[in-house]
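Here it is, the structure, as structure tokens.
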Amino acid sequence: MSTMEIDFYQLLEVSRDADGATIKSAYRKLAMKYHPDRNPGDQECEARFKAISVAYDCLKDPQKRAAYDRYGHAAFTQSGGGQGRGGQDFGDIGDIFETIFGSAFGGGGGRGTRARRGADLRYDLEIGLEDAFHGKSTEIKVEVSVGCDICDGTGAEPGTSRRGCPTCHGHGKVRAQQGLFVIERPCPTCHGRGEVIEKPCRACRGEGRIDKVQELQVDIPPGVDSGTRIRLTGKGEAGPMGAPPGDLYIFIHVKAHPVFQREGTALFSRVPVSFTTAALGGEIEIPGLDGETHVITIPAGIQSGKQLRKRGAGMPVLQGRGRGDLVTEIMVETPTRLSARQRELLREFQETETGEECPESRGFFDRLKDAFTG
């Protein structure tokens with residue numbers, strides 16, 4: 001019996017009018033019997049386990065079962081994007097068929113296997129907050145596999161060529177009969193390529209690529225943050241045998257700044273001010289990352305922890321317009337080294353205090369007194 005003639009109901013050992021519960025029970029019984037963990041090294045059991053799993057996946061779904069009952073395997077092997085005759089999308093079933101039974105069952109085919117794209121690579125780049133603010137262009141060095149210049153990525157010595165594999169006759173796959181099933185595997189001679197190299201290139205040893213240190217230019221836009229990813233298309237690993245290269249991803253890490261902390265597009269800084277400036281008011285100057293000096297007005301009577309915001313003086317918006325805010329958090333500093341005259345003046349101030357100067361303190365002690373006196 002050929003692979004394409006295997007009936008799903010026959011695989012699950014149920015009749016065509018079996019209900020869902022019967023099909024489920026039969027599948028569980030057979031899955032336990034043929035499970036690879038119970039039959040280590042038995043490829044025929046493994047193949048049968050995969051086949052009954054495919055059959056159950058189809059018959060447990062009412063729509064897929066109806067299509068199978070009407071059209072058989074042809075419901076899942078139509079070309080044109082995996083659409084069955086009834087208009088349902090059964091591409092996933094077709095993919096499973098091809099994986100287990102080969103291209104003859106999945107409706108695919110072709111000479112050899114499709115050339116594998118090269119691997120994507122990651123590069124971690126650390127920059128300062130100033131560079132994240134202004135953006136910068138920098139060079140990096142990356143050791144990466146690139147196409148061999150000697151053989152132009154073919155893997156064959158110049159003057160020679162590749163030829164069809166004599167084992168699989170250019171198909172890239174070989175088949176073996178195991179009981180009721182035909183198992184399809186990549187060709188061991190050409191490793192699924194469908195071609196063999198008569199004389200491998202001496203430079204790349206037939207791989208079509210060599211390791212090389214490349215110097216690459218990276219343009220970092222203003223406003224990047226830690227975790228921002230920049231893609232350099234085609235700068236990853238070269239694909240084998242002339243296949244397209246992968247991409248290189250630059251992951252940005254922004255170093256901590258001694259003055260500013262960043263939250264999104266906002267810049268935060270904690271600024272100490274004297275208790276006299278806090279009481280009387282005044283101005284402070286903060287040099288910004290933009291090269292300008294930003295004047296922050298301190299209102300009289302400001303308290304520690306109060307935040308003052310200056311619009312449009314923060315970080316640029318990545319790939320957008322405008323800037324965030326500069327947020328200054330005030331810390332009122334109590335003097336620790338006073339001259340005799342300063343102490344004298346503070347005592348004079350203390351003697352003239354009425355309690356109205358510090359409403360928060362007065363309110364707290366009034367509440368405390370009320371709490372204990374009832």
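No value in this document is a laboratory result; all are computed from the given coordinates. Quick caveat, the model's predicted, so the values are computed rather than measured. Methodologically, a virtual Cβ is constructed for each residue, glycine included, from the backbone with ideal geometry; neighbour enumeration extends over all protein chains shown.
Taking all pairs of distinct Cα atoms, average 1/r, flip it, and tell me the Kirkwood hydrodynamic radius of region 190-238 in Å to one decimal place.
Details: mean 1/r = 0.0671 Å⁻¹.
For region 190-238, inverting the mean 1/r across all distinct Cα pairs yields 14.9 Å.
Moving on. Return P(r) of region 214-361 (all Cα-Cα pairs; 10 Å bins starting at 0; whole %; ordered from short to long distances).
Over region 214-361, the share of Cα pairs per 10 Å bin runs 9, 26, 22, 16, 12, 8, 4, 2, 1, 0 percent.
Then there is this: Taking the Cα-to-Cβ direction at Gln177 and at His253 and moving 7 Å from each Cα, how far apart do the two end points lie in nm?
6.0
How big, in percent, is the set of alpha carbon pairs in region 133-185 lying more than 17 Å apart?
Cα-Cα pairs of region 133-185 separated by over 17 Å account for 69 percent.
Please give the FRET efficiency for Gln261 paired with Asp366, using the beta carbon to beta carbon distance and R0 = 41 Å, rounded to the nearest 0.05. Don't jump to the answer; show the numbers that get you there.
On the way: r = 38 Å, r/R0 = 0.92.
About 0.65, to the nearest 0.05.
If you don't mind, another one. Could you check the simple spin-label distance between Phe349 and Arg309, using points 7 Å along Cα→Cβ, in nm with one decimal?
Simple spin-label model gives 3.1 nm for this pair.
In nm, what is the difference between 0.36 nm times the number of residues separating Asp219 and Leu338 and their Cα-Cα distance?
The Asp219-Leu338 span can extend by a further 37.5 nm.
Okay, moving on. Between Ser161 and Lys199, what length comes free when the chain is fully extended (0.36 nm per residue of separation minus the Cα-Cα distance, one decimal in nm)?
12.9 nm
Order the peptides 235-248, 290-303 from the highest to the lowest mean number of other Cβ atoms within 10 Å of their residues.
Values: 235-248: 20.1, 290-303: 12.6.
The packing order, highest mean first, is 235-248, 290-303.
Still on this structure: What nm value, rounded to one decimal, do you get for the distance between Arg229 and Lys141 when each label is placed 7 Å out toward the C-beta?
Using points 7 Å along Cα→Cβ, the separation is 2.8 nm.
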